[in-house]
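Asker: Let me begin by handing over the structure; questions about it come next.
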Amino acid sequence: TSQEVEDEREFSYEVGSENGPGHWGSIHEDWAVCDEGEMQSPIDLSHKRVRVVSHLGHLRRSYRPSPATMINRGHDIMLKWEHGAGSVLMNGTKYVLNQLHWHWPSEHTINGRRFTMELHMVHESEDGKIAVVGILYKLGRADNFLNKMEVYIRKITSIHEGKEEVGVVDPREVRRGSRKYYRYTGSLTTPPCTEGVVWTMVAKIRTVSREQLKLLKEAVHDGTEMNARPMQAINDRMVQFYRP
Ligand code: MLT
Ligand code: ZN
């Protein structure tokens, strides 16, 4: 999308460093919302803020297998569907799936608990609204989808902006395992930290193996041990929890 940052070396995750998360807002004029925004992500999904609702309904996904490319963005590894891979319908708006990528450890926490990894599936509507579906992982059995992606990730390991054609990838192979989810309005978790992002965090915690986590860590170009943005203030936002 046009809102993605091309030169990934411009910001880092190193707390206290000049281009670290506390300073993202002053690196570029367009990034000011990173510091000044009041609806930033990630947040703690605390039971104190969660309201159980049933009116949101199931995530209505109509994903389809489409050609994709694995890209090393320096701070993370992204699988990009050049022409989208189907869509999800939320509140009557259709959001096309453009890419997914991984953060470690997780960016969102649940009642203060941080997980090992978080996957983001990034969608965009025709008028440029963004919706991200996030899945949390703890250490355990290997994740099937990452297993399938392993050979492509190896090929771009340590290569900044390295790209590798993966062929047709079916996003339905990314398992959710639960229909329950958290929903709130936040932002991109990387600069430009654009607000108005519809966040859907799947309630079910899945697993990733130690080896898979190591694969991702070693693959990123800049060698950062982690790529999770620090927790942001929830301010007066509420979180909805959908339970069928
Ligand atoms: C996010 O999930 O907010 C991202 O990390 C944005 C991106 O894909 O650059
Ligand atoms: Zn992300």
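Asker: Just want to confirm a number: the relative contact order over the chain, from Cα pairs under 8 angstrom separated by 6+ residues, in percent.
Answerer: Details: 605 pairs, mean separation 68.4, N = 244.
Across the chain, relative contact order equals 28 percent.
Asker: Quick one: dipole size for the stretch 173-244, taken about the Cα centre, charges +1 on Lys/Arg Cβ and -1 on Asp/Glu Cβ, in debye to the nearest 20. Walk me through the intermediate numbers first.
Answerer: Numbers: 13 positive and 7 negative charges, 121 e Å.
The dipole of the stretch 173-244 has a size of about 580 debye.
Asker: Over the chain, average the accessible area per residue using a 1.4 Å probe and give it in Å², no decimals.
Answerer: Details: 11390 Å² over 244 residues.
That works out to 47 Å² per residue.
Asker: Which whole-number percent of Cα pairs in the stretch 148-200 have a distance greater than 14 Å? Before the final figure, lay out each step's value.
Answerer: Working: 984 of 1378 pairs.
Value for the stretch 148-200 (Cα pairs over 14 Å): 71 percent.
Asker: Counting other Cβ atoms within 10 Å, keep those with at most 10, restrict to DSSP loop, and tell me which GluC sites (Glu not before Pro) in the stretch 150-202 are left.
Answerer: Numbers: sites: 150, 161, 164, 165, 173, 195; in loops: 161.
Sparse-neighbourhood loop GluC sites (Glu not before Pro): none present.
Asker: Okay, next question. Taking only pairs that are 8 or more places apart or on different chains, how many Lys pairs in the stretch 128-215 have Cα atoms under 16 angstrom apart? Write down the numbers at each step before the final one.
Answerer: Numbers: 138/204; 138/214; 148/214; 155/163; 155/214; 180/204.
For the stretch 128-215, the number of qualifying lysine pairs is 6.
Asker: What order, most packed first, do the peptides 14-20, 206-212 have when packing is the mean number of other Cβ atoms within 10 Å of each residue? Show your work: numbers first, answer last.
Answerer: Details: 14-20: 12.1, 206-212: 17.9.
Output ranking for 14-20, 206-212: 206-212, 14-20.
Asker: Can I ask one more? How about the stretch 99-143: which trypsin sites (Lys or Arg not before Pro) there lie in a loop by DSSP and see at most 16 other Cβ atoms within 10 Å? The partial results should precede the final answer.
Answerer: Working: sites: 113, 114, 129, 138, 141; in loops: 129, 141.
Filter output for the stretch 99-143: 129, 141.
Asker: How much length is gained if the chain between residue 150 and residue 129 is pulled fully straight, taking 0.36 nm per residue apart and subtracting their Cα-Cα distance, in nm to one decimal?
Answerer: Details: separation 21, 0.36 × 21 = 7.56 nm, distance 3.09 nm.
Length gained between residue 150 and residue 129: 4.5 nm.
Asker: For the stretch 10-40 and the stretch 43-112, write down the distance between their C-alpha centroids in whole Å.
Answerer: Cα centroid of the stretch 10-40 versus Cα centroid of the stretch 43-112: 22 Å apart.
Asker: Measure off, as a whole percent, the carbon and sulfur share of the 1.4 Å-probe accessible area of the stretch 122-225, all protein chains present. Let's see the in-between values first.
Answerer: Values: 2110 of 4870 Å².
The C+S portion of the solvent-accessible surface of the stretch 122-225 is 43 percent.
Asker: Once the Cβ-Cβ distance between residue 82 and residue 185 is put in as r, and R0 is 35 Å, what FRET efficiency do you end up with, to the nearest 0.05?
Answerer: Numbers: r = 28 Å, r/R0 = 0.81.
Efficiency, from the Cβ-Cβ distance: 0.80.
Asker: Assign unit charges at the C-beta atoms only (+1 for Lys and Arg, -1 for Asp and Glu), then state the dipole size of the stretch 52-145 relative to its Cα centre in Debye, rounded to the nearest 20.
Answerer: Details: 11 positive and 8 negative charges, 63 e Å.
Using Cβ point charges on Lys, Arg, Asp and Glu, the stretch 52-145 gives about 300 debye.
Asker: If I ignore ligands, DNA and RNA and count only protein heavy atoms, how much of residue 172 is accessible to a 1.4 Å probe, in Å² to the nearest 10?
Answerer: 110
Asker: Let me ask another. Under a point-charge model restricted to the Cβ atoms of Lys and Arg (+1) and Asp and Glu (-1), what is the dipole moment magnitude of the chain relative to its Cα centre, in debye to the nearest 20?
Answerer: Working: 33 positive and 33 negative charges, 416 e Å.
Magnitude of the dipole: close to 2000 debye.
Asker: Then there is this: So which trypsin sites (Lys or Arg not before Pro) in the stretch 41-77 pass both tests, a DSSP loop state and at most 11 other Cβ atoms within 10 Å of the Cβ? Before the final figure, lay out each step's value.
Answerer: Working: sites: 48, 49, 51, 60, 61, 73; in loops: 48, 49, 73.
When the trypsin sites (Lys or Arg not before Pro) of the stretch 41-77 are filtered for loop state and at most 11 Cβ neighbours within 10 Å, 48 remain.
Asker: Quick one: Cα convex hull volume of the stretch 41-128, Å³ per residue?
Answerer: For the stretch 41-128, the hull spanned by Cα atoms encloses 127 Å³ per residue.
Asker: Would you list the P(r) distribution for the chain, with all Cα-Cα distances sorted into 5 Å bins from 0 and each bin expressed as a whole %?
Answerer: Calculated over all Cα pairs of the chain, the distribution is 1, 6, 14, 19, 22, 19, 13, 6, 1, 0 percent.
The values are calculated or read from the model by the stated rules, or taken from the named source; none is laboratory data. These figures come from a predicted structure and were not determined experimentally. We place every Cβ from the backbone using ideal geometry, glycine too, and count neighbours over all the protein chains shown. When the accessible area is computed, the model is the full protein with side chains, heavy atoms only, and any ligands, DNA or RNA have been set aside. Shrake-Rupley method; radii C 1.70, N 1.55, O 1.52, S 1.80 Å.
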